[in-house]
Each structure stands twice: as C-alpha cells, then as structure tokens.
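Student: Below you will find the structure I want to go over with you.
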Amino acid sequence: MEGQAAPLFYSFPLAKLQEIVVEQGEKPYRARQLFEWVYKKRVFDPDLMTDVSKSYRERLKGAFSFDLPEVETREESADGTVKFLLRMKDGALVEAVLMRYDYGNVACVSSEVGCSMGCAFCASGLIKKTRNLSAGEMVGECLLIDQYLRPNLERLSHVVVMGTGEPFDNYDNVMDFIRIINDDHAMEIGARHITVSTCGILDKIRRYGKEGLQINLAVSLHASNEETRRLLMPIARGYKMEELIAACRDYVEESGRRITFEYILIDGLNDSDENAYELAKLLKGILCYVNLIPLNPVKEKPFKRSKRAYRFRDILNARGIKCTVRKEFGTDIDAACGQLRAKYQAKEAK
Ligand code: SF4
C-alpha cells in the first residue's frame, strides 16, 4: 500500500508498464518513452513530456503518482557518507545511505518501514515494522541519492538492500525494484552491483537462487554456532544453523554465484579464536566470502565493539575462507542503521 489513490509510477518494471499502457489504449513503445523521460532525462512532471500527446499526458497524471519521497533531513559525514531521512507519502520515515567506495557510489536502501526481526544488536529493529515499502518507494530512495550526486557529475553505481527491514519479507516488491534499477532503459545499475541481504529466510534464499539474475546475496550470520546465533537473532529460533547453511549451499549450486556472509564482531560474544575456527569449519567448501563488520554501538544495546577483527580475519584467511574487515563509514554521524530515524522520531515526540 502506498497510501495514495494512484500507484507510484516507479513501482512498475518495464514489462508491467507496457501491459498497463496497452490497457490504456496506447502502443507498447509508450512505456519505453515514459521510462526515458523519468529515468534518463529525470523529468517527473508529465506536462513536460513533450513528445507525449496532450490528452495522454492528462491521463497519465490521473493514472500514476510521480511523487518522490521528501528529504526530511540529511547528515553528511567528513568521509563523504550521506544519511538521508526520507518521508514517504503517508508520512512514514525511512533511512537511505550513500557510501563512497573507491569502486563507486553505493546506496544502502531500506525495504520496510521498521523491522520486526528483532536482531539484538540492531537500532532499526527498535522500531517495529509497520508496512512494506513498495518497489517505487525503494526506487525513489535510489533516485534521490542519484539526484544528489549528479551536480558533481557522479552517479549511483551500486545498490545494497541492507537498510531497515528484511528484504525477503517483502520479496516481490524487492524483486520488482531490482528489475527496475537494473533495466538499461532505467537506472542501469549492473546486476553484479546489486546485493540483497537477508537475516536468513530459507525458502526465499532458495527462490532467489533460481531468479536467473546475476545479483548478489549476503546472509547475516553473525555467529559461528547455534547458541550464539539464537541469542543475537530471533529468526534462528525458527531455522537451525545447519538448515540455513544447507539453503546457502543450494543457493550457490543453483545460481553459480558466490555468497557473502555478514558477521558483526561483538566483544566477548562471537570474536574469540575458537569462534573463528568454528566459523571456518562451518563454511568449509562453500563458495563464499566473509564480511567482518565492526559493531556500531547503539546506546540502547549492551554490546561492545570487538578489538579482534584483524586477528579473526587472519584465522579465517589462513583456513582458506576469503574474508575482509568492512571499511567504516560515517562514524561522525549516526552510523548504525536506524539511528537517525530513531533520533528524529524521539525529537518529534517531544
Ligand atoms: S539487522 Fe536487519 S533484519 Fe535484523 S532487526 Fe535490523 S534491520 Fe531487521
């Protein structure tokens, strides 16, 4: 639900839009023409789409909303990271983040308003899920970040669906979103530059592997054994670790793609040498890569950042598991996902 009468234009992949324009009595090529105006020329007002007949422009205004989210607030870090707090049409607040790597500009996109997965270390999960984001709202997050980059002749090159929400809990919208941003007639984000991160919903991991796209999958593991994973991630109470690893193996086999495991290092909880040995054993033989993430402490949570990241990495590397420590971003702004929104909402409530 988008909280508005007309659906968002940005929610429709090209093939679906073609069906709609044909139902409206237009030729299928119209859909590509509209994509061109919106995604290439960045014209969001039908009145300015000059090669579209005046009568169809009028109908377009009734058929679709071309609204983008509003930027409620923006925080810019000295390292170039920019956090956007976006307000959707129904008032919902959502975070999106621009991160700058050597290889390109990466948008970290939210997929839900709030999150009900309850991961113990996460600021986003402090605010429960109220609804899914539509594909168009997620495209809106990317369009706004790309618009921010354009005056400096830069562009958005990579997208990770790792912000607030569990993307596989909103699977169909997320897949439509990916089809749109990946389309050469739209934002042209290469499939290999798109990553979806799940906390481990097994049937969707397998389904994602069968999509036949070259997109990447990251699985939030955060533990080397069942007990610790259950402590950190309520989803682990529903799915055993061995079942999760089996689904990941199936994904790699089906898609032929390497899988990334995300592992937040928490002091004294999952960062010992024994944990590293255990993790290496668990992942043995899987075409994978481990991303070690220094914890961004959240004041409402008891966890501390580990100082053992490089030692942990070295043990995994020595055992043949490819592994790096993730570069940190925006440490001078509210770095943990969900913090900006939580802070803003608390301020609003005062
Ligand atoms: S880590 Fe992701 S899945 Fe877990 S509570 Fe936070 S936003 Fe939700």
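The values are calculated or read from the model by the stated rules, or taken from the named source; none is laboratory data. Please read these numbers as outputs of a predicted model, since none were measured by experiment. So basically every Cβ, Gly included, is an ideal-geometry build from the backbone, and we count neighbours across all protein chains shown.
Student: If you take the residues in segment 91-104 that are touching a helix residue (DSSP H, G or I) at 6+ places or on another chain (Cβ under 6 Å) and of a type outside the set (Asp, Glu), which one is farthest from the ligand (Cβ to nearest atom)?
Tutor: In this case the residue turns out to be 98.
Student: Could you run through segment 201-250 and say how many residues are in contact with a strand residue (DSSP E or B) (Cβ under 6 Å, 6 or more places away or on another chain), among the aliphatic types (A, V, I, L, M) and within 13 Å of the ligand (Cβ to nearest atom)?
Tutor: Final tally of qualifying residues: 3.
Student: Of 133, 126, 144, which residue is away from the ligand (no atom under 16 Å from the Cβ) and either surrounded by fewer than 20 Cβ atoms within 10 Å (Cβ to Cβ) or within 20 Å of residue 175 (Cα to Cα) (or both)?
Tutor: 144
Student: Would you point out which residue out of 116, 111 is within 16 Å of the ligand (Cβ to nearest atom) and crowded, with 19+ Cβ neighbours inside 10 Å?
Tutor: Of the residues listed, the single one that is within 16 Å of the ligand (Cβ to nearest atom) and crowded, with 19+ Cβ neighbours inside 10 Å is 111.
Student: Just checking, does segment 31-50 include any residue being surrounded by 22 or more Cβ atoms within 10 Å (Cβ to Cβ), under 30 Å from residue 300 (Cβ atoms) and away from the ligand (no atom under 16 Å from the Cβ)?
Tutor: There is no residue in segment 31-50 that is surrounded by 22 or more Cβ atoms within 10 Å (Cβ to Cβ), under 30 Å from residue 300 (Cβ atoms) and away from the ligand (no atom under 16 Å from the Cβ).
Student: Specify the residue that is surrounded by the fewest Cβ atoms within 10 Å (Cβ to Cβ); the eligible residues are those in segment 160-200 that are within 16 Å of the ligand (Cβ to nearest atom) and assigned to a loop (DSSP other than H, G, I, E, B).
Tutor: Going through the qualifying residues, I end up with 162.
Student: So, one more: May I ask you to list pairs of residues, at least six apart or on different chains, whose Cβ atoms are under 6 Å apart, with the first in segment 24-40 being of a type in the set (Lys, Arg) and the second being in a loop (DSSP other than H, G, I, E, B)?
Tutor: Once the first residue is of a type in the set (Lys, Arg) and sits in segment 24-40, its partners that are in a loop (DSSP other than H, G, I, E, B) give 32/185.
Student: Among the residues in segment 285-305, are any at pLDDT 95 or above and among the charged types (D, E, K, R)?
Tutor: Looking for residues that are at pLDDT 95 or above and among the charged types (D, E, K, R), one finds none in segment 285-305, hence no.
Student: Next question. Between residues in segment 108-137 that are of a type in the set (Asp, Glu) and residues that are part of a helix (DSSP H, G or I) and more than 9 Å from the ligand (Cβ to nearest atom), which pairs lie under 6 Å by C-beta distance while being six or more apart or on different chains?
Tutor: The qualifying pairs are 112/170.
Student: Same structure, new question: Scan segment 114-159 residue by residue and report those that are among the hydrophobic types (A, V, I, L, M, F, W, C) and not in a loop (DSSP other than H, G, I, E, B).
Tutor: Residues satisfying the conditions are 126, 135, 138, 139, 142, 143, 144, 145, 149, 159.
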